[in-house]
Amino acid sequence: MRVSYLNTFVEVIKQQSISKAAEELYLTQPAVTKQLKIIEIYYGVILTQRQDNKIMPTREGKKLYSCAVNILTENEELLHYFKSELDDSTGHIDLISSNYPAQYILPELINERTELYKSITYSIKTTDSQDVYTNVRNGFYKFGFVGIKKDIPNIETLKIFESDMVLVGVKQKYSFLVKNPENIKDQNFVLRTNGSATLQEVKKHLNLLKMERINTFIECDSNEMVIKLILSGIGIGYFFEKAVKEYIDSNTLIVLDDKKITRHFYYIYNTQRYKSIAENSFHNDVVSKYSDN
């Protein structure tokens, strides 16, 4: 049964007349009569009776009238809510991301959208790439941002960015390594923890340089902690070139090896999960922005 039929019934009871209700709803009288009959058949009761040339509700009709008014009111509220969402002006988006995208990609992306959709709010969970894949695959998040590409059923990946990593250390302490690269493997290394795509890429790079065995001095959960420890002089490590450019330019840090690690970053999403209108808008914006990468 259509919600519009309930609206017709309510209007008939308000007007106490089929002809007046038909005029108010821009319907024919036979159409109104037919809709009332459909409702009565649906519920299996008589809903109206004629008294002194007026259409009045029966006991069952009074009960339906009360419920129908509530249903129509809630329906209007839902229509208003969904219209707001359709305008992409309200809603909340949960994001999950590995460290680099969370620090260097998402702020710009969200800022661009904020100019258009001022009432959409966001929450961001920062973790390692493996955990992002696990959460998106299991449906806890609809999409995420990672630093490694994996082939997982129902998970699509889109390359969105790339950035070079360089081996750096405090210049005052480690500049001698530029002329003595054979000593690099003997230094204290500051690395990311297991599960991090950065750690995987660094290990691959070190294997190519035949430096499989290095002195892993500290493992960190975040890029922020890695760079703070490197700047403290406690050890050397790989970090994103653009992010440490100011320290290199100011002679605080020095690049110890001219061989770079090129990192790729990806937007991933679960093709089997429902997205709200706000989430779908975000998804479409990301795909549109980065589809040519």
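Every read-out reported here was derived from the displayed coordinates using simple, explicitly stated rules and does not represent laboratory data. Predicted model, so just to flag it, every value in this text is computed and none were measured. Here Cβ is always computed from backbone atoms with ideal geometry, including for glycine, and neighbour counts include all displayed protein chains.
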Two-decimal log10 I(q)/I(0) for region 163-263, as the Debye equation yields it once each C-alpha is a single scatterer, q = 0.15, 0.17, 0.20 Å⁻¹: -0.52, -0.68, -0.99
Mean shadow area of the chain, taken as a quarter of the surface of its Cα convex hull (nm²): 22.0
How many percent of all Cα-Cα pairs in region 218-293 sit more than 16 Å apart? 65
Cross-link reach from K171 to lysines, straight Cα distance under 26 Å and at least 8 residues apart if same chain, gives K179, K185, K203, K204, K210, K228, K242, K245, K259, K260
Hull shadow area, averaged, region 3-86 [alpha-carbon convex hull, nm²]: 5.8
Using a Cα-Cα cut-off of under 14 Å, which aspartates and glutamates could be cross-linked to K62, ignoring same-chain neighbours fewer than 8 residues away? E11, E40
Go through region 106-209 and name the GluC sites (Glu not before Pro) that are in a DSSP coil and have 14 or fewer other Cβ atoms within 10 Å of their Cβ. E115
Rg/Rh ratio calculated on Cα atoms of region 1-150 (Kirkwood radius): 1.32
Show that you can apply the helix-only estimate: for the chain, add -39,500 (n - 2.57) for every DSSP H stretch of four or more residues, divide by all residues, and state [θ] at 222 nm to the nearest 500. -14000 deg cm²/dmol
Partner lysines whose C-alpha sits under 23 Å from that of K83, ignoring same-chain residues fewer than 8 away, are K118, K142, K275
Here the gain from full extension of Q172 to N280, 0.36 nm per residue of separation minus their alpha-carbon distance, amounts to 33.8 nm
